[in-house]
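Undergrad: I'd like to ask you about the structure that follows.
The values are calculated or read from the model by the stated rules, or taken from the named source; none is laboratory data. Because the structure is predicted, anything quoted here is derived from the model rather than measured. Ideal geometry is used to build each Cβ from the backbone, glycine not excepted, and the neighbour counts take in all protein chains shown. Protein only, heavy atoms only, side chains kept; ligands, DNA and RNA dropped before computing areas. Shrake-Rupley method; radii C 1.70, N 1.55, O 1.52, S 1.80 Å.
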Amino acid sequence: MKVKTILVSQPEPKMENSPYSKLIDKEKVKVDFRPFIHVEGVDAKDVRQQKIDLKNYTAIILTSRNAVDHFFRIAEEMRFKVPDSMKYFCQSEAVAYYLQKYVVYRKRKIYVGKRNFPELVPLFKKYKGEKFLLPSSDALKPIVPEILDELDIEWKRAIFYKTVISDLSDLRDVYYDILVFFSPSGIESLLQNFPDFEQNDTRIAVFGNSTVNAATDAGLRIDIKAPTPETPSMTMALQKYINTANKK
């Protein structure tokens, strides 16, 4: 069956000329964006109940832009002035760049991995004397605490925000040719919003092994997977599939 409509379970990219814009122009398909999950901040009272005192930490581990936003939000709510001496260990260049929204960029205070969390390990080993705080959501990839526990460092996790399933009831009678998912939480949201969901001719596209596993466990048929050596991004995987499907 030909592909005419796609629903991506994430916010619409803010940048102009995003890969999705190119996909729309090239393949003449309609692409809608709708977050299936969203983030809600935990208040300072809840953070205090986790026995977190920000002044006890000398370094912050930041795995996402959400972590950046909610660390500084909590600091403000707690009336904690973040010292200039604070060190920031950012999982990726994108997170480090986003951090400039809150701090003056000092290379000696901001330490950056390439993309994946394990790539930060040499930096943690180099600065093992620091007291690390990991602001996170309630849903944290298991690999993060596993790696930190294996290192001889002092660290603590604090839940500063939570992943919440969005209300999608207005989509009940809307049909898309392809649904695109990037996390197990997105799959969970689909099934919670539509417990009677029947896949039929809807194609399911998934990104990452954990999302593949969640979709499989839910009994969904996976039609499109990324990343692969041939299609490292979701838009590339979609384009390849559409090229084949729309030629028939």
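Undergrad: Yes or no: region 109-122 includes at least one residue that is touching a Ser or Thr at 6+ places or on another chain (Cβ under 9 Å), part of a strand (DSSP E or B), over 26 Å from E12 (Cβ atoms) and open to solvent by 20 Å² or more (accessible area, probe 1.4 Å).
TA: yes
Undergrad: Considering only residues that are surrounded by 12 or more Cβ atoms within 10 Å (Cβ to Cβ) and part of a loop (DSSP other than H, G, I, E, B), which ones fall in region 76-94?
TA: M78, F80, V82, M86, Q91, S92 - these are the residues of region 76-94 that are surrounded by 12 or more Cβ atoms within 10 Å (Cβ to Cβ) and part of a loop (DSSP other than H, G, I, E, B).
Undergrad: Right, something else. Return the total of residues in region 216-228 being over 24 Å from N243 (Cα atoms) and either touching a Phe, Trp or Tyr at 6+ places or on another chain (Cβ under 6 Å) or surrounded by 15 or more Cβ atoms within 10 Å (Cβ to Cβ) (or both).
TA: Here is the first cut: in region 216-228, the residues over 24 Å from N243 (Cα atoms) are 216-219.
Among the residues that remain, those that are also either touching a Phe, Trp or Tyr at 6+ places or on another chain (Cβ under 6 Å) or surrounded by 15 or more Cβ atoms within 10 Å (Cβ to Cβ) (or both) are: 218.
Matching residues across region 216-228 total 1.
Undergrad: While we're here: May I ask you to verify whether T211 is open to solvent by less than 50 Å² (accessible area, probe 1.4 Å), in a helix (DSSP H, G or I) and of a type in the set (S, T, Y)? First the steps, then the outcome.
TA: Numbers: open to solvent by less than 50 Å² (accessible area, probe 1.4 Å): yes; in a helix (DSSP H, G or I): yes; of a type in the set (S, T, Y): yes.
Yes: the conditions hold for T211.
Undergrad: Which of the residues that make up region 131-148 are open to solvent by 30 Å² or more (accessible area, probe 1.4 Å) and either of a type in the set (S, T, N, Q) or modelled with pLDDT of 95 or more (or both)? Give the derivation first.
TA: Within region 131-148, the subset open to solvent by 30 Å² or more (accessible area, probe 1.4 Å) is 131, 138-143, 145-146.
Once the filter is applied, which keeps residues that are open to solvent by 30 Å² or more (accessible area, probe 1.4 Å) and either of a type in the set (S, T, N, Q) or modelled with pLDDT of 95 or more (or both), region 131-148 yields only K131.
Undergrad: Restricting to region 45-102, and then to whatever is at pLDDT 95 or above and among the small types (G, A, S), can you tell me which residue is nearest to D149 (Cα to Cα)?
TA: Going through the qualifying residues, I end up with A59.
Undergrad: Another question, if that's okay. Going by what's in this entry, would I178 be described as touching a residue at least 24 places away in the same chain (Cβ under 8 Å), closer than 23 Å to H38 by Cα and buried (at least 20 other Cβ atoms within 10 Å of the Cβ)? It would help to see each step written out before you state the result.
TA: Working: touching a residue at least 24 places away in the same chain (Cβ under 8 Å): yes; closer than 23 Å to H38 by Cα: yes; buried (at least 20 other Cβ atoms within 10 Å of the Cβ): yes.
Taking the combined requirement at face value, the residue satisfies it.
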